[in-house]
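Visitor: To start, I am sharing the structure in question, which I have written as structure tokens.
Each value in this text was obtained by applying a stated rule to the coordinates, not by laboratory testing. From a predicted model like this one, the values you see are computed outputs, not experimental measurements. Cβ atoms come from the backbone with ideal geometry, glycine included; neighbour counts cover every protein chain shown.
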Amino acid sequence: MRGWGEWLANQGGVRRGGIQRQGGVGAEDVMWPLLWVAVRTYAPYITFPVAFVVGAVGYNLEWFIRGEQKQPVEEKSIFELREERKLAEITDKDCTKVLSLKDKLEFTPKAVLNRNRPDKASNS
């Protein structure tokens, strides 16, 4: 019984040594499309295990090269620093000395156009 390659050789067109024999379909002409169809079809089943193995090896290699890492000293978060600063400001102040409401109103900005307030518009 003859193999697939022999059958194609008898059909003509098998490339040997860069020279193509008489016209026809060669073994390479049939096998490459079949190979690409198989690769395209089974790509998810092949790439996931390969990626998993490469990732695991890389992870362990990196851990081996770096060695054990010491835990960094815990620093206070920005929120904690802000809360401590605000607490320190409050404790340094005398909370009984507060500006009166009249003093506070003195610093409020005046409206750009006092047209809607006739009592204020006459003063300008």
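Visitor: Give me the extension gain from residue 92 to residue 62: residue separation times 0.36 nm, minus the current Cα-Cα distance, reported in nm with one decimal.
Guide: 5.7 nm
Visitor: Could you work out how far apart the two model spin labels at residue 54 and residue 100 are, taking each label as a point 7 Å from the Cα in the direction of the beta carbon, and quote it in nm?
Guide: Placing both labels 7 Å beyond Cα along the Cβ direction yields 7.8 nm.
Visitor: If I model a spin label at residue 39 and residue 79 as a point 7 Å from the Cα along the Cα→Cβ vector, what separation in nanometres do I get?
Guide: The two pseudo-label positions are separated by 5.2 nm.
Visitor: Still on this structure, I have one more. With N set to the number of residues, divide the alpha-carbon radius of gyration of the stretch 21-103 by 2.2 N^0.38 Å and report two decimals.
Guide: 2.93
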